[in-house]
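Before any comments, here is the structure.
The values are calculated or read from the model by the stated rules, or taken from the named source; none is laboratory data. The structure presented is a predicted model; accordingly, all values stated were derived computationally and were not measured. Cβ sites come from the backbone with ideal geometry, for glycine too, and all protein chains shown count toward neighbours. Side chains included, ligands, DNA and RNA excluded: accessible areas come from the protein's heavy atoms. Shrake-Rupley method; radii C 1.70, N 1.55, O 1.52, S 1.80 Å.
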Amino acid sequence: MRELNQIRRDGLPMPRKQTKAKVIAIVSANGGVGKSTVAAGLAKALGHPGGRTIAIDLDPQNALASHLSAIKQGPGLIQLKQPDADWSAHCLPGYCDSEYLPFGAGSANDRRSLKLQMFEDSDWLNQHLVSMNLSENDTVILDTPSGANVYSQQALDAADLVLVITVADAASYLALDTMAQWLETSRRRAQQHRYVLNQQEGSRSFSRDMSLLFQRRLGSDLISTIRLDHQLNESLAYNRDPLQFSPDCIGCQDIFSLARMVRALLAPDLADGQLAP
C-alpha cells in the first residue's frame, strides 16, 4: 500500500500511443552493409492490396530515395520536424506502389536542430507516426544510419520488428555483442529482433566460413541470407527497379524470400500470395 501511495503521489505515467501500422526498423552496427538496399527492397516487396507501405529515411545521406524512385525529392524530415507537420501528405510515390519520405536537404544548423528535438523528446518519431493515422494494414520501414545514434534510437523505440543488417566479415561478427547490448535499450518489450546476412559471396571460401559462424552464433534469429548480386547496385545507374526489371535474379529472389519471412513475423494470418509480385 505504501508503494501504491507513492505511485499516486508521483503520478502515473501516461500510456504511450502507438501507430496501428506495422513498423520495421532497419539498423546496422557498421556502414557499407547494404542497409538502404534491403530497406528499399522490403518497401517494394511487402506491399499488399488495401495497405500502404511507406519507407522513411532517417539517414542524412538521403540514399533511400535513389533506390525507390527516379523523381526529384520533396520536403523531408528536416523540413517537417515540427509536431504539427503532416508527414502523410508529403509521402512521395515509389516503385511497386511504395511510398517514401526522404530525410531531406538542410544546413548544418537544420541538422543540429533536428537532433536536438530528438534528444529532448525520445518519443518524437513515434508521435509523428501516430499523427499519420495509419491503419493495421499499413507498413512503415525506417532506414537508419549505421551505429548507435539518436536517429537509430528513435527508430528502435518505435519499431515492432528490428532487422539488423550485417555482412559475413570479421568486423561485423565482432560487433554482434555490441549490437545485442544496444538492442536491449529499446522501450518496446514485445519487440522482435532478427538478423539478415547481406551480400553473401558463395564463391569465396572465407565468406562461406564466416556465414557458417554467423549461423551458429545467431541460430533462428538469422532469418535470411541475401546473396551478392551486382544487378541490385547497377540498377541505380539506370534509374530502374531491379524487382520489376530483373525479378528472377538471385538478389531479388532473396529479397522476396526475406519479405515472406517478415510478413510471417508481423502478420502470420496473411497468405504469401498477398506479397507484391
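All but one of (1) of a type in the set (D, E, K, R); (2) farther than 28 Å from Ala175 by Cα; (3) open to solvent by less than 30 Å² (accessible area, probe 1.4 Å) hold for Asp84; state the number of the condition that does not hold.
Unmet for Asp84, out of (1) of a type in the set (D, E, K, R); (2) farther than 28 Å from Ala175 by Cα; (3) open to solvent by less than 30 Å² (accessible area, probe 1.4 Å): (3).
Name the one entry in Ser122, Ser88, Ser98 that is under 16 Å from Val150 (Cβ atoms) and polar (S, T, N, Q).
Ser122
Select from region 104-148 the residues that are charged (D, E, K, R), closer than 28 Å to Ala175 by Cα and surrounded by 17 or more Cβ atoms within 10 Å (Cβ to Cβ) and list them in ascending order.
The one that is charged (D, E, K, R), closer than 28 Å to Ala175 by Cα and surrounded by 17 or more Cβ atoms within 10 Å (Cβ to Cβ): Asp143.
With the requirement that a residue be open to solvent by 50 Å² or more (accessible area, probe 1.4 Å), in a loop (DSSP other than H, G, I, E, B) and either of a type in the set (Asp, Glu) or in contact (Cβ under 8 Å) with a residue 24 or more places away in the chain (or both), what does region 199-227 give you?
Glu201 - this is the single residue of region 199-227 that is open to solvent by 50 Å² or more (accessible area, probe 1.4 Å), in a loop (DSSP other than H, G, I, E, B) and either of a type in the set (Asp, Glu) or in contact (Cβ under 8 Å) with a residue 24 or more places away in the chain (or both).
Count, please, the residues in region 184-198 that happen to be at pLDDT 90 or above and either closer than 18 Å to Pro145 by Cα or part of a helix (DSSP H, G or I) (or both).
6
Could you please find all residues in region 25-66 being over 26 Å from Met179 (Cα atoms) and in a helix (DSSP H, G or I)?
Residues satisfying the conditions are Lys44, Ala45, Ala65, Ser66.
Give the residue, chosen from Lys72, Lys81, Lys44, that is more than 23 Å from Met261 (Cα to Cα), charged (D, E, K, R) and in contact with a Leu (Cβ under 6 Å, 6 or more places away or on another chain).
Answer to the check: Lys81.
Take region 149-175 and flag every residue that is surrounded by fewer than 22 Cβ atoms within 10 Å (Cβ to Cβ), hydrophobic (A, V, I, L, M, F, W, C) and in contact with a strand residue (DSSP E or B) (Cβ under 7 Å, 6 or more places away or on another chain).
Listed by number, the list holds a single entry, Leu161.
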